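Quick note: the coordinates plus some simple rules give every number you see, no bench work behind them. Predicted, not measured: the structure shown is a model, and the values here were computed from it. FYI the Cβ positions are ideal-geometry reconstructions off the backbone, even for glycines, and counts take in every protein chain you see.
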Amino acid sequence: GRVGPPASSLLNAATVVGERRRRSIAPLIPPSAARSAGGVVLPDASGRRRAYPAAMTVVTLTPWAPKYLQLLFAANSLEMTRYLVGPESDDEVRRRHERYLRASAGEPPRTRMFATLADGVPVGGIGVWPSQENDEAALETGWNVLPEWQGRGIAKLAVRLLIPIAASLADPGQRLIA
């Protein structure tokens, strides 16, 4: 199989892709509405003119670091964990944080954890880890975005940024479960 660049360079590339793509994922709005709201009308990649709102969120991923412990505590609410096991104790959150720190360093192998930033503000997390699907080895991904940042397409962009990183960790033909 093809050996790709190290995950750290893929992360840097993913960040740039996220910044470049901010225009290509802009919602379609009439040019007159964009101009009146302070936006612009620009050609897209195919040359068609598209209207873009003035405020665009730039989404980036950064390896999980000690400073993101408070992000885990913020995400440890009933609202954020209702489809999981529910909120964790403070000790469980701290243990999760330690696992995320190890994962951001690649331990265990093929496991990574990132903080999701929106315009430089930590708003959630996303990761990839080995899993099984129908008795086949797979890589699974999971993510969260704090409630006050939901509904802005942040998770969608974070997943798009994670895919090349996950692909660099996968065996040829291995599935990614999202």
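Below, the figures for the structure above:
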item: Other-chain or far-sequence residues with amide H under 5 Å of G142's (modelled H); result: G127
item: Relative packing of 154-166, 64-76, which averages over residues the other C-beta atoms within 10 Å, highest first; result: 154-166, 64-76
item: Amide H contacts of R110 (H built 1.01 Å from N, under 5 Å, at least 5 apart or other chain); result: none
item: Segment 57-178 - Kirkwood radius from inverse mean 1/r over Cα pairs (Å); result: 14.8 Å
item: Cβ-based net charge around L176, under 14 Å, with every Lys or Arg adding one and every Asp or Glu removing one; result: 0
item: Calculated SAXS-style log₁₀ I(q)/I(0) at q = 0.14, 0.18, 0.25 Å⁻¹ - segment 73-133, Debye, Cα scatterers; result: -0.47, -0.77, -1.18
item: Coarse-grained scattering of segment 108-178 at q = 0.11, 0.21 Å⁻¹, given as base-10 log I(q)/I(0) from a Debye sum over alpha-carbon atoms; result: -0.28, -0.84
